[in-house]
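Take a look at the structure set out below.
The values are calculated or read from the model by the stated rules, or taken from the named source; none is laboratory data. Quantities reported herein were computed from a predicted structural model and do not represent experimental measurements. Here the Cβ is made from the backbone with ideal geometry for all residues, glycine too, and neighbour counts use every protein chain on show. Side chains included, ligands, DNA and RNA excluded: accessible areas come from the protein's heavy atoms. Shrake-Rupley method; radii C 1.70, N 1.55, O 1.52, S 1.80 Å.
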Amino acid sequence: MSSQPVVAVFMALTSLLVLPGMSAARSAQAQPGSVVDFLAKDDVQQAESVLAKQPRTAESVALHGEIEFRKGHFDQAEISYRDSLKMDSRNARAHFGLGKLALSKVKQKEAVQEFKRAIELDPKEPIYRLYASEAWGMDKNYAEQRKQLEEYLNLKPADEDRLTEAKAGLDMLKAFGNEDVGVVHAPEKPAPIKFRKSLNLIFASLKIDGKGPYEFAIDTGATQTVLSEKLATEVGLPQITSTVVFGIGGAGKVETKLYKVKELSIGDMKVSNVPVGTFNDPLISQLADGILGTSIFSDFVITVNYPAGQLELTRKRAPAAPGSETIPVWYFSNLLLMPLDINGKR
C-alpha cells in the first residue's frame with residue numbers, strides 16, 4: 001500500500017495544461033517591452049530578441065535560462081541557471097528555474113529547497129509560491145502546501161485562471177483534511193488489465209465506489225482522470241469545488257467540477273481517496289463514461305501491450321532487452337516530454 005502525493009492528483013486537475021513556466025502571471029518587476037513582460041505574455045521570440053541586446057548579467061543569464069526552458073531545451077536551461085548563480089548566488093529567478101527542473105525529475109526535496117531560496121530572495125513574487133506549493137505537495141507536506149497556496153492568494157496575482165486553480169487546490173486540501181490521497185492497494189505484480197481497441201483508442205472497465213463496471217478510455221496523454229457529469233450524478237459523488245481546465249475533448253478552456261471518489265478499482269488495483277474532474281461533452285460520452293489518466297498507475301512500471309490487448313503493471317523495472325534503447329524524459333503536469341529530432345533539428 002502506498003499513497004500518491006496530493007499534487008500529482010489534484011494540481012493536474014486544476015492545471016492549465018501548459019508547459020510549467022509558461023504562466024501568464026505578470027511579475028511585479030515586469031515593465032512594458034521588457035524581457036519579463038514578453039515572457040509573461042508567452043512571446044518567447046520577442047523576449048529573446050530584447051535579451052540579445054542586453055549586457056551579460058546574472059539576471060540576463062537567468063532569463064536566457066527561462067527562454068531555453070520555454071523552448072523545451074531543459075539541459076541548456078539548467079546550464080544558464082547555474083551560470084547565473086555562479087555570477088550571483090542570490091538570483092531568485094535562477095533558483096526558481098532550478099526548482100522547476102527538479103520538479104520535472106520528481107526530485108521534490110531538491111525542488112523545495114530551490115523554491116524556498118527563491119521566496120527568501122523575492123518574497124513578493126506570486127508564482128514562486130504556487131510552484132512551492134506543488135513541491136511541498138509532492139513531498140507530502142500538505143500543511144506547508146496549503147500555506148504556500150494561501151500566500152499565493154494573499155499576493156493577489158493578476159492571472160485569473162491560476163487564481164481559480166489555487167482556490168480549487170485549497171478547497172481540495174480542506175475536503176481531504178488529514179486523509180492521504182490516492183492510496184494504492186495492489187499486489188506486487190498485478191494481473192494484466194485487459195483493454196479493447198476502437199477508433200485508435202484503448203478502453204478498460206473499472207468500478208467507482210463499488211459501482212459499475214464503467215468503460216473508460218485509457219489516455220497516456222491525459223493529465224487527469226475525468227468522468228462524465230452523468231456518471232458523477234449516477235454514482236452520487238460528493239462535489240468538492242469547481243475550476244477550469246484546458247483540453248478536455250479539444251474544447252479549449254472549460255469549467256469542470258471536482259469530486260471525491262472513495263475508491264476507484266481497475267483489475268487487481270484499488271485506489272482510495274481520488275479527486276476527479278468531470279466533462280459534459282455528449283460526443284465523448286458516446287465513446288466512454290470517462291477518461292483515465294495513466295498517472296493513476298504512477299506506482300508501477302507500465303507496459304502497454306497492444307498485440308496482447310492488455311496493460312501490464314509491475315513495481316520492479318525489468319532489465320533492458322538486448323538492442324533496446326532507453327530515452328530520458330522530463331515529467332511535467334503528469335505528462336512525459338522527450339527529445340525529438342525533426343529534419344535534423346532538436
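In terms of the mean number of neighbouring beta-carbon atoms within 10 Å, the peptides 107-114, 309-316 order highest first as 107-114, 309-316.
Among the listed pairs Lys194/Lys260; Lys109/Lys211; Lys257/Lys316, those with a Cα-Cα distance over 29 Å are Lys109/Lys211; Lys257/Lys316.
Calculated accessible area for the chain comes out at 49 Å² per residue, all protein chains present (probe 1.4 Å; ligands, DNA, RNA ignored).
Within the accessible area of the chain, the carbon and sulfur atoms contribute 51%, probe 1.4 Å, all protein chains present. For the chain, the dipole from Cβ point charges (+1 on Lys and Arg, -1 on Asp and Glu) about the Cα centre works out to 380 debye, to the nearest 20. Checking the a/c ratio against 1.5 first, then a/b against b/c, what shape does the Cα gyration tensor give for the range 136-186? Prolate, because a/c is 1.5 or more and a/b exceeds b/c.
Here Kirkwood radius over Cα pairs in Å was calculated from the structure, and among (1) 20.0; (2) 24.6; (3) 21.3 it sits at label (3).
Tell me the net charge near Phe115. Cut-off is 14 Å between Cβ atoms, Phe115 excluded, with +1 for each Lys or Arg and -1 for each Asp or Glu.
That sum, taken over residues with Cβ under 14 Å, equals -1.
Counting only heavy atoms of the protein chains and using a 1.4 Å probe, Ser89 has close to 70 Å² of accessible surface.
When every Cα-Cα distance of the range 21-138 is counted in 10 angstrom steps from zero, the calculated P(r) takes the values 16, 49, 32, 3 percent. Of Met138, Met269, Met338, the order by accessible heavy-atom surface (1.4 Å probe, DNA, RNA and ligands excluded), from most exposed downward, is Met338, Met138, Met269. Of all aspartates and glutamates in the structure, those lying under 13 Å Cα to Cα from Lys140, and not within fewer than 8 positions of it along the same chain, are Glu179, Asp180. Ranked by solvent-accessible area (1.4 Å probe, protein heavy atoms only, all chains present), the residues His64, His95 order from largest to smallest as His64, His95. Under 1.5 on a/c is rounded, so check that first for the range 120-238, then, if it is not, pick prolate when a/b is larger than b/c and oblate when it is not; a ≥ b ≥ c are the square roots of the alpha carbon gyration tensor eigenvalues. Prolate, because a/c is 1.5 or more and a/b exceeds b/c.
Counting charges near Lys207 (Lys, Arg +1; Asp, Glu -1) among other residues having Cβ under 15 Å from its Cβ returns a value of -2. Within a straight-line Cα-Cα reach of under 17 Å, Lys71 can be paired with the following lysines, leaving aside sequence neighbours fewer than 8 residues apart in one chain: Lys41, Lys100, Lys345. In terms of the Cα gyration tensor, with a ≥ b ≥ c the square roots of its eigenvalues, is the range 97-174 rounded because a/c is under 1.5, prolate because a/b exceeds b/c, or oblate? In terms of gyration-tensor shape, oblate.
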